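Here the structure comes first, spelled out in structure tokens, and everything after it is commentary.
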Amino acid sequence: MFAFNYFSNGVMNSFSRVYLFILTAVFLGGSFFFGSKATMAHGENEKWGAPVKGLQLSISKREAMSPSANDIVVGVALRNVGEQDLVLNLGYMLNNGRQQYPDAVKLILVDAKGKQSELQFIGAAGGGGSKDIFAVPLPKGATYYFQQTLNKYLCPSEPQLLSKLARGNQLRAKFVSTSTASPITNILFWTGTVESNSVAP
């Protein structure tokens, strides 16, 4: 499940259908914060990875929903620390934005020996219909935040990896975006690779 909150001091005047659709996706998906409210939501003591092209990424461990390792909850936050507004392509959406899959945000699990394994977000199982871009506008100073359980991720090379978490493991998030522009609008997406801090799962 995604957390939801939206805070803004701005005033909406008029938007095209595309911009309304993007904002609807944000409303349905995660949390959108400005300034101090982002700190309140994500935690004032949370750590962040190094900024890349104005974007910074953070991961934190939240209260587990059950004793199972696969139900560990992590919080992922992306914040704009640059001088320009950004638009992020986090993945794709189905059902007119009601189902959102942030598969551009991957998790990296590092064991006690330093071996790194990439965990990919599990997308929709089959199903038809068109895919829409999971676009998130991120104005200067804003933070986008969502929570997710580890059972939504899978290591393709070792499917049972998450059931064998051990002391000394570290987890970090990685956002990779190579899409430079939307195929249906003139919106330019942030591109690059940014990694978060590390936490113990």
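The values are calculated or read from the model by the stated rules, or taken from the named source; none is laboratory data. Source: prediction; values computed, not measured. Backbone-built Cβ (ideal geometry, glycine too); neighbour counts: all protein chains shown.
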Report summary line: Over region 180-201, the set of residues within 30 Å of Ala166 (Cα to Cα) and touching a Leu at 6+ places or on another chain (Cβ under 9 Å) is Val194, Glu195, Ser196, Asn197, Ser198, Val199, Ala200, Pro201
Report task. Restrict the check to region 188-198 and report whether at least one residue is over 16 Å from Val105 (Cα atoms) and in a loop (DSSP other than H, G, I, E, B). Result -> no
Requested in this report: Might you let me know whether region 179-193 holds any residue that is surrounded by 17 or more Cβ atoms within 10 Å (Cβ to Cβ), over 22 Å from Gly54 (Cβ atoms) and of a type outside the set (Gly, Ala, Ser)?
Outcome: no
Query raised in the report: What is the number of the single condition among (1) at pLDDT 85 or above; (2) over 19 Å from Thr180 (Cα atoms); (3) buried (at least 18 other Cβ atoms within 10 Å of the Cβ) that Leu162 does not meet?
Result: (1)
Report task. State all residues of region 90-116 that are in contact with an Asp or Glu (Cβ under 7 Å, 6 or more places away or on another chain) and either surrounded by fewer than 16 Cβ atoms within 10 Å (Cβ to Cβ) or closer than 16 Å to Val176 by Cβ (or both); if no residue qualifies, say none. Result -> Gly91, Tyr92, Lys106, Ile108
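Every residue, every condition in (1) more than 14 Å from the chain's Cα centre (by Cα); (2) among the aromatic types (Phe, Trp, Tyr); (3) farther than 26 Å from Gln56 by Cβ, yes or no:
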residue	(1), (2), (3)
Ser117	yes, no, no
Gln120	no, no, no
Tyr144	no, yes, no
Cys155	yes, no, no
Glu158	yes, no, yes
Phe175	no, yes, no
Gly192	yes, no, no
Query raised in the report: So, of the residues in region 74-89 that are out of contact with any Leu (no Cβ under 8 Å at 6 or more places or on another chain) and in contact (Cβ under 8 Å) with a residue 60 or more places away in the chain, which turns out to be farthest from Ser182 (Cα to Cα)?
Result: Gly75
Report task. Among what's in region 80-89 and is polar (S, T, N, Q) and surrounded by 13 or more Cβ atoms within 10 Å (Cβ to Cβ), pick the residue that is nearest to the chain's Cα centre (by Cα). Result -> Asn89
Query - Selection count where residues are in a loop (DSSP other than H, G, I, E, B) and at pLDDT 70 or above, scope region 50-77 - result: 5
Query raised in the report: Do we have Ala135 as in contact with a Lys or Arg (Cβ under 8 Å, 6 or more places away or on another chain), buried (at least 16 other Cβ atoms within 10 Å of the Cβ) and over 16 Å from Lys174 (Cβ atoms) here?
Result: no
**Report entry** Selection status of Gln147, among the polar types (S, T, N, Q) and in contact with a Lys or Arg (Cβ under 7 Å, 6 or more places away or on another chain)
**Finding:** yes
